[in-house]
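Undergrad: Got a structure for you, written out below as structure tokens; questions coming shortly.
The values are calculated or read from the model by the stated rules, or taken from the named source; none is laboratory data. Note that this is a predicted model, so its numbers are computed, not measured. All Cβ positions, even for glycine, are placed from backbone atoms using ideal geometry, and neighbour counts span all protein chains on display.
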Amino acid sequence: MSTEALRIVWIYPDLLSTYGDRGNLLILAHRAAARGIPVETYEVRSDQQMPSTADIYLIGGGEDGPQALASQRLITDGGLHRAVNQGASVLAICAGYQLLGHSFFAKGAKCAGLGLLDLSSDRGVTRAVGELRGDVDARLGLPPLTGFENHGGRTHVGAHAAPLARVTAGVGNDGQTEGAWAGKILGTYSHGPALARNPAIADLLLRWSTGADRLAPLDDSWADRLRGERLAAAGAV
Amino acid sequence: MILMVWQLAVTIASGTLAGVTDGKMPLIAKVATSVSKTAAALSRAAGRGDGSVIGGWIGLKIDPDLLAHLSSGRAVALVSGTNGKTTTTRLTAAAVGVLGRVATNSYGANMPTGHTSALAKEGHTPFAVLETDEHYLAQVIDATRPKVVALLNLSRDQLDRAKEVAMMAQLWKTKLAGHPEIRVVANADDPMVVWAASGSPQVTWFSAGQRWHDDSFVCPESGHPIERAQGEWWCTGCPLRRPRPSWVVEDEGVIDPRGDWHLVKLQLPGRVNIGNAATALAVAAEFGVRPIEALPRLSRVTSIAGRYAQVDRDGRNIRLLLAKNPASWLEAFDMADQAPTLLSINARDPDGLDTSWLWDVDFSPLRTRPVLITGDRAYDLAVRLQVNQVPFRHVLSFDEALRSVPPGRLEVIANYTAFQDIRAELDRVN
Ligand SMILES: [Zn+2]
């Protein structure tokens, strides 16, 4: 790392970008810069080649059609696979999370995913909309997850990945678990700017990609108040 | 409440039927119109809002075709789009008023119930200018048979309820293509709007700018990327491109189709509203109104359902701006002065429950202004502003905000229910 800038790629904002997905890019860049880590950010559109040399890849939510198209293009392109093999970190949200698995459903058809996480997704009977809360896998050493979910999918996590959290409010993968992780890849149904409410996940990605054991603490008093409010709201619903 | 109004309304309607409705209307429509007006009046008298929805709701229950009956015999203009429709409707009604009386839904009640109330309340008028919710445009076209439809813009609004932007444009396109008699007045700067209007034989294009591009990166026709440069835009994969507009905003004025420039003097702030005025002039021109006749009327419009209203309180001059989605936040920053600014955010049902959109707005224009924040979801906004490097102070109430700023202008920018809360604190200013 040392002198080279930390490179963050936002994958296909032209296809996978619902409200606020840009927030995760802004938050990572902000928290890196606040630690004196130089940052370069890239928005790679679906008609461009996916670079394989960045440090963190972000992939957001979207509608069925763009989700299926994004998956096809990423499989054909191969850049993201190469990046992961070289040790890059990935944060995937909602539709982006589903397409990292083996398969998902879009517009009623089963679609091939990238197979970067051992999971598969199908359709739930009802749409999950509302506050989401969970206790994060203890091995990650993170405080509880809080998010807003808005998805119709249900996800089944296989033996080679672990759920990100055990659900204490909301639906997540299936009402029991939420999200998944393996190596330096992390996926969640907390939609949009998930890192706004979970700065500890942002710092986890930064530690993974810089190799630092710990990062200088930042003033997270507003994020802490937001977390307190939303964790309580999820419990109340 | 509704049932009570209904019973009272039916009782009273029987005595007030004569003289309030058009002689050609079917009896059921006459009864419905009368009941609708009475219910609206009762609702106002009972202190339940301005009555602009309930009257129409009851009228349509009695006669589902009431809106069509009330529209017949009037020259109707519909104004639709994600942003600016309330203001543009008010300006258009003022401009068309050159020709005669205009019925309009001036409280932003922009669905068929609101249209029905507005038309019933005004009695027979030769003209009607109706703000129309974008989701209801197709239905309201069928009911009102408009002469003119104005299409302002399409962008994301309330993610957890609204249709995709492209899907909305498709619904517009299909409906307008089936009504070649309608004169369409459409924004040349918004690719989604241009595509929606592209099936119509009679389109007048205006240029009012597009600040928000995130929902039109991809061509709705071909799926290829859309490029932009020097005010033009074009699809990289098909012939869709910006048409040449005949009405154009330039400096503090508007150029008309003959090439004449007119100074636009408004009491409403910002370049956005000059764009809205250009749209109003273009719609009014379809009815035969010349800009030179309309402009004095536009300059007399002050506030619109509390928007842009200025209230003096404790030596502070408070101005209210409504911003309900990312595009309209950018417009509000443009309209607001370099003065202390209060931002208020809620996430109740009418706002959408999700605050993610805050991350699509670039708040950096506020870095040079003292910023206060409040509302149910102030903490979401606080985290956003921190990352955006906008200094701010959190206040717990509107009163605390007032006490925190020096005498002089206080700009207030709020989303829907937060705006209504503050408006209520200021005694429902209009
Ligand atoms: Zn195209």
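Undergrad: For B:Thr374, state whether it is closer than 15 Å to B:Phe333 by Cβ and of a type in the set (Ser, Thr, Tyr).
TA: No: the conditions fail for B:Thr374.
Undergrad: Where the second residue is crowded, with 17+ Cβ neighbours inside 10 Å and aliphatic (A, V, I, L, M) and the first is in contact (Cβ under 8 Å) with a residue 40 or more places away in the chain and assigned to a strand (DSSP E or B) and lies in region B:342-367, which pairs have Cβ atoms under 6 Å and are six or more apart or on separate chains?
TA: Here the result reads B:Leu342/B:Leu372; B:Leu342/B:Ala401; B:Leu342/B:Val412; B:Leu343/B:Ile373; B:Leu343/B:Ile413; B:Ser344/B:Ala414; B:Ser344/B:Ala418, each pair linking region B:342-367 to a residue that is crowded, with 17+ Cβ neighbours inside 10 Å and aliphatic (A, V, I, L, M).
Undergrad: Considering only residues that are farther than 22 Å from A:Asp203 by Cα and within 11 Å of chain B (Cβ to nearest Cβ), which ones fall in region A:36-52?
TA: A:Arg45, A:Ser46, A:Asp47, A:Gln48
Undergrad: Same structure, new question: Among the residues of region B:335-390, what is the count of those that are over 24 Å from B:Leu402 (Cβ atoms) and more than 10 Å from chain A (Cβ to nearest Cβ)?
TA: Within region B:335-390, residues that are over 24 Å from B:Leu402 (Cβ atoms) and more than 10 Å from chain A (Cβ to nearest Cβ) number 3.
Undergrad: Can you name every residue in region A:1-21 that is of a type in the set (D, E, K, R) and facing chain B (nearest Cβ under 9 Å)?
TA: Answer for region A:1-21, where residues must be of a type in the set (D, E, K, R) and facing chain B (nearest Cβ under 9 Å): A:Asp14, A:Asp21.
Undergrad: Hey, B:Pro291 hits all of (1) in contact with a His (Cβ under 6 Å, 6 or more places away or on another chain); (2) over 15 Å from B:Val98 (Cα atoms) but one; which does it fall short on?
TA: So the condition that B:Pro291 fails would be (2).
Undergrad: Related question: Restricting the search to region B:211-261, which residues are within 16 Å of the ligand (Cβ to nearest atom), more than 14 Å from chain A (Cβ to nearest Cβ) and in a loop (DSSP other than H, G, I, E, B)?
TA: Scanning region B:211-261 gives B:Glu221, B:Cys238, B:Pro239, B:Leu240, B:Arg242, B:Pro243.
Let's see how each residue does on (1) surrounded by 23 or more Cβ atoms within 10 Å (Cβ to Cβ); (2) among the hydroxyl-bearing types (Ser, Thr, Tyr):
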{"residue": "B:Ala68", "(1), (2)": "no, no"}
{"residue": "B:Leu78", "(1), (2)": "yes, no"}
{"residue": "B:Thr82", "(1), (2)": "yes, yes"}
{"residue": "B:Thr86", "(1), (2)": "no, yes"}
{"residue": "B:Arg90", "(1), (2)": "yes, no"}
{"residue": "B:Tyr107", "(1), (2)": "no, yes"}
{"residue": "B:Lys121", "(1), (2)": "no, no"}
{"residue": "B:His124", "(1), (2)": "no, no"}
{"residue": "B:His135", "(1), (2)": "no, no"}
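Undergrad: Please work out which residue is farthest from B:Val218 (Cα to Cα), limiting yourself to region A:22-35 and to residues that are of a type outside the set (Lys, Arg) and within 8 Å of chain B (Cβ to nearest Cβ).
TA: A:His30
Undergrad: Still on this structure, please answer the following. Name the residue, out of B:Val390, B:Val311, B:Val301, that is within 30 Å of A:Leu132 (Cβ to Cβ) and surrounded by 19 or more Cβ atoms within 10 Å (Cβ to Cβ).
TA: B:Val390
Undergrad: Return a yes/no flag: does region B:188-204 have any residue that is within 16 Å of the ligand (Cβ to nearest atom), surrounded by fewer than 20 Cβ atoms within 10 Å (Cβ to Cβ) and not small (Gly, Ala, Ser).
TA: No, that holds for no residue.
Undergrad: Of these, B:Leu343, B:Leu330, which one is in the same structural domain as B:Leu402 (by TED's automatic domain parsing) and crowded, with 24+ Cβ neighbours inside 10 Å?
TA: B:Leu343
Undergrad: I would also like to ask the following. Restricting attention to region A:92-145, which residues are basic (Lys, Arg) and either closer than 26 Å to A:Ala200 by Cβ or in contact (Cβ under 8 Å) with a residue 40 or more places away in the chain (or both)?
TA: If the condition is that a residue be basic (Lys, Arg) and either closer than 26 Å to A:Ala200 by Cβ or in contact (Cβ under 8 Å) with a residue 40 or more places away in the chain (or both), then A:Lys107, A:Arg133, A:Arg139 are the ones that fit.
Undergrad: Out of everything in region A:150-200 that is at pLDDT below 95 and within 14 Å of another protein chain (Cβ to nearest Cβ), what residue ends up being surrounded by the most Cβ atoms within 10 Å (Cβ to Cβ)?
TA: A:Gly192
Undergrad: Kindly provide the set of residues from region A:204-237 that are in a helix (DSSP H, G or I) and away from chain B (no Cβ under 14 Å), ordered by number.
TA: Hits for region A:204-237 are A:Leu204, A:Leu205, A:Leu206, A:Arg207, A:Trp208, A:Ser209, A:Thr210, A:Gly235.
Undergrad: Spot the failing condition for B:Val98; the list is (1) under 16 Å from the mean Cα position of the chain (by Cα); (2) in a loop (DSSP other than H, G, I, E, B), and only one is missed.
TA: (1)
Undergrad: Of the residues in region B:122-159, how many are small (Gly, Ala, Ser) and in a helix (DSSP H, G or I)?
TA: 2
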